[in-house]
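Okay, here's the structure, questions in a sec.
Read-outs throughout are calculated quantities, based only on the coordinates presented, and are distinct from any laboratory measurement. Worth saying up front: this structure is predicted, and the values here are computed from it rather than measured. Quick reminder, even Gly has a Cβ in these numbers, built from the backbone with ideal geometry, and neighbours come from all protein chains shown.
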Amino acid sequence: MTGSNQTDQLRTKTRQFAIGILKLLGNLAKTPETLAIQTPLVKAATTLAADSRALARAWSEDDFHRSRNLASGDADDCVFWLELLGAAGNDQDQSIQGLLEEVTEIVALLSICGEPDKPATPPTSVKVTPDPVPSEPPPPSLPTDFHGLRVVSFESRMAPEMARLIERNGGTPVVAPALRELPIPLQENGAVFRLGVKLILEQIDIVILLTGTGTTALFNLLQTRYPLSDLVEALKKTFVVTRGPKPLAALKKVLDLEPSITVPEPNTWVEVVSTLDEYRPVKGLRVAVQEYGMSNPQLLEALRQRGAEVFPVPIYRWTLPEDTGPLKQALGKIIAGNMQVMLVTNAAQIDHVMQLLEQEGTTAQFKEACKKMVVASIGPTASECLRHYDLPIDFEPSHPKMGVLVKETSEQVHALLQQKLSA
């Protein structure tokens, strides 16, 4: 299939997909959950169609790659909102599954989509030139996907999606989850209900929501003690910060509220702090931080240094999987030199990997093996963790999205491997 045929097919598929989303939403019962999800889902689907249309019309290589990266991010967003819609419970499970399969095909098509056809060049006058001097033949071009390379990922929540993405980009996936989420028992977590009291008494000025799962769990817990209307009224008097689209969606779903501000990509603690510096300086203010997995001492300290009174509110902990067998097997393959690529989508994955390696006494062997493979990090937070353990970071994608990470790594991996192995 030529690049032109690929982009034409992509434009048709994304247009049909957007229409399918509109029809689905037209048939859904109008519950608070579906109304919260409807707007971002429609936006993601229609933007995907628009970016795919722009992709088909791109005339420069830079324009083409920019449009493709945007479309990949749009497709990731569509998967997220459709999965959230399915989890919310409704009578359209079959239609939602069908649309998930459609967007999966779109992701696959984006991953193999070639360059746009170049415009024809006008004829030029024929010039007689001397015979060229014989030269060495150019080196063979490198593959533009994984081309059979073995790719390991420690993704947990979206493990099946990660495996499919690797396969669609030509790789052989080994996906071994490195963490699981455990809710903190209420008897060990008085911080949640202390936050509730402070909110109701208007003793909190800013609430920072860091994750979608944590946001949902936090306000579901608070609703066991306080009426929903009281929580909503209290938050309306509070400056609410969401760290990206997932806590934003959770806030809309659980409380039907919009945040005061949403932190831009790459959604690290640095962006949280800089956004507050610009829009709501925290000096002298009382700031509650919904934590996730593990505490973020850098965020808490940065807020305190700026004069805030900080209240951390942990919701769940990350721990190793109950069955660490698959993870141990994957690490064994890395140490044996049987993996060529490692994808890191969460800093805690590396913390748990290093914890397990230390228990097994194989940390040094793992670090040595990483020097001979491509290590790709989804963004700054994961990269910071890799540096902490003196592990290499060979690649970061243009956007901190799982689909973009896999796609862009597959395009660059062979050149990166050549550089590492020849160094």
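Report ³J(HN,Hα) in whole Hz for each residue of the stretch 63-70, in order, from the Karplus equation J = 6.51 cos²θ - 1.76 cosθ + 1.60 where θ = phi - 60°; Gly and Pro get x.
4, 4, 5, 5, 5, 5, 5, 4
How far is helix 159-168 tilted, in degrees, relative to the longest principal axis of the Cα atoms in the chain, given as a value from 0 to 90 rounded to the nearest 10?
Once rounded, the angle reads 10 degrees.
For the stretch 349-423, what D do you get in µm² per second when you plug the Kirkwood radius from alpha-carbon pairs into Stokes-Einstein at 20 °C and 1.002 mPa s? List each step's numbers first, then the result.
Details: Rh = 13.1 Å.
D = 163 µm²/s.
What does the extension gain come out to for residue 105 and residue 270, with contour length at 0.36 nm per residue minus their alpha carbon separation? Mind showing how you got there, number by number?
Numbers: separation 165, 0.36 × 165 = 59.40 nm, distance 3.53 nm.
Full extension of this stretch gives 55.9 nm more.
Hey, got a sec? Which trypsin sites (Lys or Arg not before Pro) in the stretch 2-58 land in a DSSP loop and have at most 15 other Cβ atoms within 10 Å? Intermediate values should be presented prior to the final figure.
Details: sites: 11, 13, 15, 23, 30, 43, 53, 57; in loops: 30, 57.
The qualifying sites are 30, 57.
Sticking with this structure for a sec: Relative to the present Cα-Cα distance, how much length would full extension add between residue 359 and residue 225 at 0.36 nm per residue of separation?
44.0 nm
Can you work out the Karplus-derived ³J(HN,Hα) for every residue in the stretch 370-380? Use 6.51 cos²θ - 1.76 cosθ + 1.60 with θ = phi - 60°, whole Hz, and x for glycine or proline.
5, 5, 10, 10, 8, 10, 10, 10, 6, x, x
Could you sort the peptides 35-42, 68-75 by per-residue average Cβ neighbour count (10 Å cutoff), highest mean leading? Write out the running numbers ahead of the final one.
Numbers: 35-42: 18.6, 68-75: 24.4.
Result, highest mean first: 68-75, 35-42.
Here is a follow-up. I'd like to compare 254-265, 171-182: which one has the highest average count of other Cβ atoms within 10 Å, and what's the full order after that? List each step's numbers first, then the result.
Details: 254-265: 17.1, 171-182: 20.2.
Ranking the peptides 254-265, 171-182 by packing returns 171-182, 254-265.
Rounded to the nearest 500, what is the chain's calculated 222 nm mean residue ellipticity when only DSSP H runs of at least 4 contribute -39500 (n - 2.57) each, over all residues? Working shown, then result.
Working: 16 runs with 233 residues, N = 423.
Taking each H run of at least 4 residues, the total per residue is -18000 deg cm²/dmol.
Could you work out the equivalent-ellipsoid semi-axes for the stretch 3-112, taking the square root of 5 times each eigenvalue of the Cα gyration tensor, largest first, in whole Å? Spell out each step's value before the answer.
Values: eigenvalues 146, 30, 23 Å².
For the stretch 3-112, the ellipsoid semi-axes come out as 27, 12, 11 Å.
Would you kindly calculate the translational diffusion coefficient of the stretch 219-279, applying Stokes-Einstein with the Kirkwood radius from alpha carbon pairs, for 20 °C and a viscosity of 1.002 mPa s, and quote it in µm² s⁻¹ without decimals? Don't jump to the answer; show the numbers that get you there.
Values: Rh = 12.4 Å.
After rounding, the answer is 173 µm²/s.
Please report, in Å, the Rg and the Dmax of the stretch 242-379, where both are computed over Cα atoms only.
That works out to 19.0, 54 Å for Rg and Dmax.
Could you size up the charge dipole of the stretch 161-259 around its Cα centre, putting +1 on the beta carbon of Lys and Arg and -1 on that of Asp and Glu, and report it in debye to the nearest 20? Could the numbers behind the result be given before it?
Numbers: 12 positive and 10 negative charges, 28 e Å.
Magnitude of the dipole: close to 140 debye.
Using the Karplus curve 6.51 cos²θ - 1.76 cosθ + 1.60 with θ = phi - 60°, what ³J(HN,Hα) values do you get for each residue of the stretch 328-338, in whole Hz, with x for Gly and Pro?
4, 5, 5, 5, x, 5, 4, 4, 6, x, 8
Given R₀ = 35 Å, FRET efficiency for residue 420-residue 261 by Cβ-Cβ distance, to 0.05? Write down the numbers at each step before the final one.
On the way: r = 41 Å, r/R0 = 1.17.
Taking R0 as 35 Å, the efficiency between residue 420 and residue 261 is 0.30.
Given C-alpha coordinates of the stretch 182-319, what is the ratio Rg to Rh with the Kirkwood estimate of Rh? Write out the running numbers ahead of the final one.
Working: Rg = 13.6 Å, Rh = 14.8 Å.
For the stretch 182-319, the value is 0.92.
Treating cross-link reach as a plain straight distance, find the aspartates and glutamates whose alpha-carbon is under 15 Å from the alpha-carbon of residue 198, omitting any fewer than eight places away in the same chain.
Once the sequence-local aspartates and glutamates are set aside, what remains near residue 198 is 230, 233, 309.
Which of the lysines could a cross-linker bridge to residue 372, judged by Cα under 16 Å and excluding same-chain residues fewer than eight apart?
Cα-Cα hits under 16 Å: 333, 420.
Fewest Cβ neighbours within 10 Å first, please rank 311, 17 accordingly. Don't jump to the answer; show the numbers that get you there.
Values: 311 17, 17 22.
So the residues, fewest neighbours to most, are 311, 17.
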